[in-house]
Amino acid sequence: MATFRFLRGGGGERIERIERKVREMLMHDRHEFDLAMAALLGDVVPNEVNDELRSTDQKVNQSEREIRRDLVVHASVFGAIEIPTVLVYMSIVKDIERVGDYAKNLIDLALDGANFGAVPDAEEWRDLAREVSQFIHDAAEAFTARDGELSRRLMTQGDQMLDRFDERVSALVGGQDEGPQAIARALAFRYIKRVVAHLLNMLTAVVMPIHRLDYFDSDPEDRE
């Protein structure tokens, strides 16, 4: 297992702040995703939640900048022995930040008029929204606790979701799925796939060595 722990020494307060902000970023990501999917499903008016979603995303971006600054300070204090852990955190905070970006892409679909509450598979979309929202929560728990067993289970679950999303997009592109709002649904599957993939990247930090970070950013057949 790839375990990574900061040397605390005199920087314990700074490390606690970094780890707290990582968890806060993930909580904000979940809120953004939930708002975006509620808008796409017609449960809220997109224009009425757009500002809240984007202001939440600004908090994520601000936290990323603060974490990076703290990591630079920490590395300057503790030197080369902490470089691997610093690199891990530099990588994962970018993945966490990207989740919010895809939530913005999802709400943009709703702002453009997509409404998945009106499609025949609306309940499947509701189930998917709940599944991914819970996945964000569970991934945050696994990462915070450095829980290798839970991380591996989530990585298996996430890979299965990625396969499902690819299958649905292929059906839309190939004409097997001729349901309404095909372009919006295909884009949504792609955006949600990226949300899950970035969370999987984060989980690799718990169970894989540093040189295999971002392992799940590729499709299974492209992984080395």
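Since every read-out is calculated from the coordinates, none of them should be taken as a lab result. Bear in mind the structure is a predicted one, so any value in this text is a computation, not a measurement. Please note: Cβ atoms are built from the backbone with ideal geometry, for glycine as well, and neighbour counts cover all protein chains shown.
Remark: the stretch 69-76, residue by residue, has Karplus-estimated 3J(HN,Hα) of 5, 5, 5, 5, 4, 4, 5, 5 Hz, where x stands for each Gly or Pro and the curve is 6.51 cos²θ - 1.76 cosθ + 1.60 at θ = phi - 60°. For the stretch 170-180, putting each phi into the Karplus relation 6.51 cos²θ - 1.76 cosθ + 1.60 with θ = phi - 60° gives couplings of 4, 5, 5, 5, x, x, 6, 9, 10, x, x Hz, in residue order, rounded to whole numbers and with x for Gly and Pro. Mean residue ellipticity at 222 nm, helices only, the chain: -27000 deg cm²/dmol; runs of at least 4 DSSP H residues each add -39,500 (n - 2.57), and the sum is divided by the number of residues. Placing pseudo-labels 7 Å out from each Cα toward the beta carbon at Gln62 and Ala145 gives an inter-label distance of 3.1 nm.
Using a Gaussian network for the chain with springs between C-alpha atoms less than 10 Å apart, which of these wobbles most: Ala184, Ala38, Ala118? The residue that fluctuates most here is Ala118. Largest GNM mean-square fluctuation among Gly175, Gly117, Gly42, using the chain with Cα springs under 10 Å: Gly175. Largest GNM mean-square fluctuation across Leu154, Leu40, Leu203, computed for the chain with C-alpha springs under 10 Å, falls on Leu154. Relative to the longest principal axis of the Cα atoms of the chain, the long axis of helix 12-40 makes an angle of roughly 0 degrees.
The calculated FRET efficiency for the pair Asp127 and Val72, based on their C-beta separation and a Förster distance of 30 Å, comes to about 0.10.
A Förster radius of 25 Å combined with the Cβ-Cβ distance from Arg54 to His137 puts the calculated FRET efficiency at roughly 0.70.
When the Cα gyration tensor is reduced to axis lengths a ≥ b ≥ c, the ratio a/c is 1.5 or higher for the stretch 94-181, and with a/b above b/c it is classed as prolate.
Each label was represented as a point 7 Å from its Cα along the Cα-to-Cβ direction; for Arg17 and Glu178 these points are 6.0 nm apart.
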